[in-house]
Amino acid sequence: MRFATVCVSLLCAVTPLAAQTPASAIDWDSLGAEAVRNLSAYLAVNTANPPGNELAAARFLQQLLARDGIEAQILDTAELGAGRANLYARYHAGSGKKAIALVSHMDVVPVTPRYWTVDPFSGAVKDGYVWGRGALDMKGEGLVQVMALIALKRSGVPLDRDIVLIGNADEEVGGNGAVVFAQRHADLLRDVEFLMTEGGDNLVDHGKLAYYGVGVAEKRTFWQKVTVRGVASHGSRPTKQNPVPRLVAALDRLAHYETPLHVTPGVAKYFHDIAPQYTGRQRAWLADVAAALKLPAARAWITDNVYWNAILRNTISLTVLSGSNKTNVIPSEASAEIDIRLLPDQDTSAVRAELIRVVHDTAVHWETMYPPKAPLESPIETDLFRAIVRAAHERDPEAQVTTPMLTGATDRPTYRALGIVTYGFDPFKTEEADAQHGVHGNDERVSIASVVFGVRYLYDVLRYVQ
Ligand SMILES: [Zn+2]
């Protein structure tokens with residue numbers, strides 16, 4: 001609405017070409033209703049992974065795009081296995097600047113239906129929400145991407161950049177969809193400068209927007225398995241070759257080890273941006289978090305917040321333990337799995353050398369469980385970031401657009417490794433409680449207001465980045 005009002009005034013004459021097309025050319029109410037209907041149908045395509053079954057989702061999106069004359073290709077079916085696929089479409093701008101890619105994963109995590117109040121694959125629309133597995137992670141966002149693209153095509157907005165749409169398989173298990181896509185179709189991505197996908201959350205707490213979040217960085221998983229070998233024997237006669245106490249001593253040293261604090265650029269901006277929400281010395285500390293971390297009182301307060309602590313350092317969580325499976329048997333081997341998450345600019349071999357130094361026991365055998373993904377940290381000073389800020393401020397003039405780091409993992413590093421500036425972008429205003437409850441949980445749902453909001457918000461971002 002705000003844009004339509006502005007655009008009939010003389011202001012239009014001085015705005016850039018791409019911003020000139022009146023948004024009133026689109027009936028946003030009916031497009032919003034269409035988006036809700038399409039999302040309901042999309043959520044009814046069961047892509048719980050395993051097994052995934054993303055081919056059905058890809059066909060669904062392909063048909064949706066075809067209705068508006070946008071041709072999409074179903075790719076990688078042989079490589080990904082039975083019932084699985086990636087999706088690719090490109091809307092041609094016909095002029096020179098580099099492309100923007102909108103990426104979503106089509107798979108969802110499994111459900112336990114008895115904990116849900118609706119059928120998680122019915123696409124129920126009720127009480128102002130669209131309900132179903134994937135509503136927030138991330139079929140909702142994927143569908144918004146499709147509808148924003150359709151809106152651009154229908155409105156005939158002149159574009160300087162091609163818009164690429166990608167649907168990936170298997171994000172929730174192995175990330176194989178994105179990996180196969182990047183390996184096999186680097187040619188389709190060669191001219192892509194910017195990429196938007198999950199991994200940036202707008203924070204809404206009790207109806208109040210705290211900030212628009214753009215994910216420019218994420219932690220890297222660097223999971224380790226540590227093993228100590230010994231000699232199996234009867235528990236009634238203790239020996240020095242029992243591997244369990246040795247493992248426990250090693251883990252105890254790790255548990256007491258404090259990783260160094262380290263401020264990356266996006267994290268510094270995030271703290272600086274949220275500082276005005278605080279008062280007194282806390283506001284001053286957050287405004288310059290690197291300086292604050294040198295003060296014991298500030299450091300204690302900041303690291304007491306589990307999220308803030310996790311974006312300021314490499315973290316170590318001791319999780320899986322295994323020794324004997326019988327009380328009276330000393331095992332021949334004891335092992336533990338450790339969930340280690342690194343800041344994006346960390347060197348994996350230096351971290352591992354430090355862990356080995358901390359444990360200080362050559363009997364402990366280290367194994368990296370999965371090869372770490374490429375680091376993800378994208379620059380902030382870009383046309384896309386400025387476009388997001390502009391579109392966000394048109395909606396909420398006072399809102400901060402900031403850069404919280406994701407502590408979890410997404411497919412983004414696979415694309416960032418190709419040199420593409422990769423952002424997490426959230427088109428929704430989701431209540432913190434709904435996200436906490438629904439993402440990978442039960443009764444996942446997205447508000448109809450968010451779907452309607454999201455299509456137009458993304459549409460504007462895509463126009464402004466031209
Ligand atoms: Zn996801």
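One residue alone among 30, 24 is open to solvent by 50 Å² or more (accessible area, probe 1.4 Å), modelled with pLDDT of 95 or more and assigned to a helix (DSSP H, G or I), and that residue is 30. Taking segment 56-79 as the range and being within 22 Å of the chain's Cα centre (by Cα) and within 18 Å of residue 175 (Cβ to Cβ) as the test, the residues that pass are 57, 58. For segment 437-454: of the residues being assigned to a helix (DSSP H, G or I) and small (Gly, Ala, Ser), which is nearest to the ligand (Cβ to nearest atom)? Of everything passing the filter in segment 437-454, 438 is nearest to the ligand (Cβ to nearest atom).
Just so you know, in segment 216-234 the residues that are part of a strand (DSSP E or B) and under 16 Å from residue 175 (Cβ atoms) include one that is least open to solvent (accessible area, probe 1.4 Å), and it is 218. Among the residues of segment 381-406, those that are crowded, with 19+ Cβ neighbours inside 10 Å and part of a loop (DSSP other than H, G, I, E, B) comprise 400, 403, 404, 405.
Do any strands (runs of 3 or more DSSP E) lying entirely in segment 112-212 carry at least 2 residues that are surrounded by 19 or more Cβ atoms within 10 Å (Cβ to Cβ), under 15 Å from the mean Cα position of the chain (by Cα) and within 13 Å of the ligand (Cβ to nearest atom), and which ones are they? It comes to 163-168. For beta carbons closer than 7 Å, sequence separation of 6+ or different chains, a first residue in segment 416-441 that is charged (D, E, K, R) and a second that is assigned to a helix (DSSP H, G or I) and at pLDDT 95 or above, the qualifying pairs are 429/450; 429/453. What about residue 69, is it in contact (Cβ under 8 Å) with a residue 60 or more places away in the chain and loosely packed, with under 15 Cβ neighbours inside 10 Å? Answer is yes for this residue. Candidates in segment 413-445 are the residues that are crowded, with 24+ Cβ neighbours inside 10 Å and among the acidic types (Asp, Glu); of these, the one that is farthest from residue 344 (Cα to Cα) is 444.
Among the conditions (1) away from the ligand (no atom under 16 Å from the Cβ); (2) open to solvent by 10 Å² or more (accessible area, probe 1.4 Å), residue 409 misses just one, which is (1). Of the residues making up segment 412-424, those that are more than 14 Å from the ligand (Cβ to nearest atom) and either among the hydrophobic types (A, V, I, L, M, F, W, C) or touching a helix residue (DSSP H, G or I) at 6+ places or on another chain (Cβ under 8 Å) (or both) are 415, 417, 418, 420, 421, 422, 423.
The values are calculated or read from the model by the stated rules, or taken from the named source; none is laboratory data. Here the structure is a predicted model, which means the values were calculated and not measured. When we count neighbours, we look across all protein chains shown, and the Cβ atoms used for this are built from the backbone with ideal geometry, even at glycine. Calculation scope for accessible area: heavy atoms of the full protein, side chains included, ligands and nucleic acids excluded. Shrake-Rupley method; radii C 1.70, N 1.55, O 1.52, S 1.80 Å.
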